[in-house]
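Trainee: Let me give you the structure first, and then I'll get to my questions.
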């Protein structure tokens, strides 16, 4: 699947209240703009973006961000083990 689709819709990427709390906990973040933090990961030139099923997976620096491909909702982000 073409990652350009995700990149061209980066302005639609957002998260829910529950998603924000989950991502903050998983990544131990101290920021209130979790969506922007995740967008910056997606926009990183070294980010490996691929689609599996209904989700986009964006991996860089041992962090994986999962984004729903239909709603552009950031579902979760976690540190790769």
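Trainee: Which residue fluctuates the most in the chain, going by a Gaussian network model with Cα springs under 10 Å, if the choices are 25, 12, 45?
Mentor: 45
Trainee: Calculate how steeply helix 34-43 sits against the longest principal axis of the alpha-carbon atoms of the chain, using the helix alpha-carbon long axis, and give the answer as 0 to 90 degrees to the nearest 10.
Mentor: 40 degrees
Trainee: With contacts defined as alpha carbon pairs under 8 Å and 6 or more residues apart, what's the relative contact order of the chain in percent?
Mentor: That works out to 31 percent.
Trainee: From the helices alone, meaning DSSP H stretches of at least four residues, give me the mean residue ellipticity at 222 nm for the chain, per-run term -39500 (n - 2.57), in deg cm²/dmol to the nearest 500.
Mentor: -9500 deg cm²/dmol
Trainee: Let's test the formula: R0 of 30 Å, r as the Cβ-Cβ distance of residue 17 and residue 43. What FRET efficiency results, to the nearest 0.05? Present the calculation step by step, with values, prior to reporting the outcome.
Mentor: On the way: r = 23 Å, r/R0 = 0.78.
E between residue 17 and residue 43, to the nearest 0.05, is 0.80.
Trainee: Please compute the alpha carbon radius of gyration of segment 23-81, then divide it by the globular-protein estimate 2.2 N^0.38 Å. Two decimals is fine.
Mentor: 1.03
Trainee: What do you get for the angle between helix 17-27 and the principal long axis of the chain? Use alpha-carbon atoms, 0 to 90 degrees, nearest ten.
Mentor: The angle comes out near 80 degrees.
Trainee: Sticking with this one: If I model a spin label as a point 7 Å beyond the Cα along the Cα-Cβ vector, how far apart are those points for residue 10 and residue 62 in nm?
Mentor: 2.5 nm
Trainee: Would you mind calculating the gained length between residue 25 and residue 79 on full extension (0.36 nm times residue separation, minus the Cα-Cα distance), in nm to one decimal?
Mentor: Result: 18.4 nm gained on full extension.
Each value in this text was obtained by applying a stated rule to the coordinates, not by laboratory testing. Values in this document were obtained by computation on a predicted structure and should not be read as measured data. Every residue, glycine among them, receives a Cβ derived from its backbone with ideal geometry; neighbour counts consider all protein chains shown.
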